[in-house]
Amino acid sequence: MQRKVTNGSPNRGVDLPLWAKRVTDGSYELLHTPAASEAERGHQPEDKARARGGQVTLSGQLNFSPSFDRFEPAIKRWEQVTGVEAPAPTEPDGRDGAHRLSSKFTEWMMGLQPGWITGLGLSRKDELKACGNGVVPQQAKLALEMLLERVEQDG
């Protein structure tokens, strides 16, 4: 929803569906999706990333806090949609008990059932990479439906 649309883009003039407008109109403040790079890099707080013009990451938005803060409404909405309670966004498993991004939380954010990626014997790093490189099933379904609809229209 936040992709750049240029004059030459085939998406120019395409309107967002109603549900997307509701999400982007300020009703919910959304978290960034997990990135595979979060398994490798250190965390940079959101305000610092924005100040230097860098990429804001999921872990940067959470500021390694065990709470959801300003994202609580979006979290509650996703819990209703998925029927699964959100796990803690961070875990105190870093150096000296420091909080780090939870792979169980990234799995939940993607709408995957608990244990789809986590709990299979992978390292935390590999679990985060799998989530960051993965496809959200709901997004894939919508993309395929839109593609099939277009194919049917073009006949």
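Just so you know, all these numbers are worked out from the coordinates, no wet-lab data involved. Model, not experiment: these values are computed from the prediction. Here the Cβ positions follow ideal geometry from the backbone for every residue, glycine too, while neighbour counts run over all protein chains shown.
Here are a few things to note about the model shown:
- Peptide packing: for 83-91, 144-152, 119-127, 105-113, the average count of neighbouring Cβ atoms within 10 Å per residue gives the ranking 105-113, 83-91, 119-127, 144-152, highest mean first.
- Cα centroid separation, region 104-141 to region 60-101 (Å): 15 Å
- Measuring nothing but how far apart in sequence close Cα pairs (under 8 Å, 6+ apart) lie, relative to its length, region 60-155 scores a relative contact order of 18 percent.
- Efficiency of FRET between LEU148 and LYS125 - r from beta-carbon atoms, R0 35 angstrom, step 0.05: 0.45
- Cα→Cβ-extended label distance, 7 Å offset, between LYS76 and ASP96, nm: 3.6 nm
- Computed log10 I(q)/I(0) for region 55-126 at 0.11, 0.15, 0.26, 0.27 Å⁻¹: -0.27, -0.51, -1.31, -1.35, from the Debye equation with unit scatterers placed on every C-alpha and solvent omitted.
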